[in-house]
1. Setting aside same-chain residues fewer than 8 positions from Lys217, which lysines have a Cα under 23 Å from its Cα?
2. With an 8 Å cut-off on Cα pairs and a minimum separation of 6 or more residues, tell me the relative contact order of the chain in percent.
3. Send over the per residue convex hull volume for segment 182-259, Cα only, as a whole number of Å³.
4. If N is the number of residues in the chain, what value comes out of its Cα radius of gyration divided by 2.2 N^0.38 Å?
5. Which Rg and Dmax, in Å, describe the Cα atoms of segment 99-178?
6. Given contacts defined as C-alpha pairs under 8 Å and at least six residues apart, what's the relative contact order of segment 182-259, whole-number percent?
7. Straight-line reach from Lys124: which aspartates and glutamates have a Cα under 20 Å away, not including same-chain ones fewer than 8 places off?
8. Please report Met106, Met98, Met45 as a ranked list, fewest other C-beta atoms within 10 angstrom at the top and most at the bottom.
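Each reported figure results from applying straightforward, stated rules to the coordinates on display, with no laboratory input. Note that the structure is a prediction, hence the values are computed from the model and not measured. Glycine gets a Cβ as well: all are built from the backbone with ideal geometry, and neighbour counts include every protein chain shown.
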Amino acid sequence: MRSQAVPAHPVGGDVTSTVLAIGRSDFPNVLIDTLRRQADVGHCMVFALSRAGAARCLLDAGNIPIGGDLGAAYAGHFHESDPNRDTLFERESGAPIMLPAFAPRMYGARYRKIFFQDSGIVDKCATAIWVDDTCFYVNFYRITAQGRFSATQRERLWAIAPAIGASVARHFQQTAMPDQSLAALFATRAPLAGLTPREQEVCRHILAGYSSEAISKGLGISLHSTLTYRKRAYERLGISSQNELFAIVLRLLAGPRSLN
């Protein structure tokens, strides 16, 4: 079974809170809250895999009590027997992909006991994105009490996978580069840096989910001025909607230059 590129669904404000939490200490909590709200994900684990063969568990959040043990075991050596490994390592840097789902019987007996039977995991979806020589491998789980993902929930995961993968990669890259916040993205990266300071403020408030009226109140300007700044910003960026603005930010987050 081969992986497929994730379709370009509009994201809107569905994962805005996760994007805005990049670099913050509460990023894991915001991420799992977003995943629960969008697709009732029970648990999320993120691994960094290198082409040299090393693996690290970067994030473990959700409803699996032994998640930390599972992360350590996977990073130790079980990553070498993951059925998705070949698919992951045949990919180059680029857009996030959604990995195929494998039935437990596709795993070895020991892997199956530790990662399914002992943990109570009954279903898993995953996405991944390569940034230079590091693959950020994001896994979504449901446990026995929740049952398997429904077709609708899987579709929702497909829809938000590009934003989630880019946000996760950006968050963990930012540990070494704390100055690369969303504000810095607007200040230094084209085409966002080409906006005036006030246009940038309005756009950042739009990304945070504020209405035009709330932006006007927060910035202490008239509604007419807010709408004018938004119109000018969109014209400079060559867009006409919040979804397109969000797509620009995600593209910059996922691009190699924004992660180096």
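1. Of all the lysines, those that pass the test against Lys217 - Cα under 23 Å, at least 8 places apart if same chain - are Lys231.
2. It comes to 23 percent, rounded to a whole number.
3. In segment 182-259, the Cα hull volume divided by residue count equals 80 Å³.
4. So the Cα radius of gyration is 1.07 times the expected 2.2 N^0.38 Å.
5. 14.7, 43
6. 27 percent
7. Output for Lys124: Asp33, Asp40, Asp60, Asp69, Glu80, Asp82, Asp86, Glu155.
8. Met106, Met98, Met45
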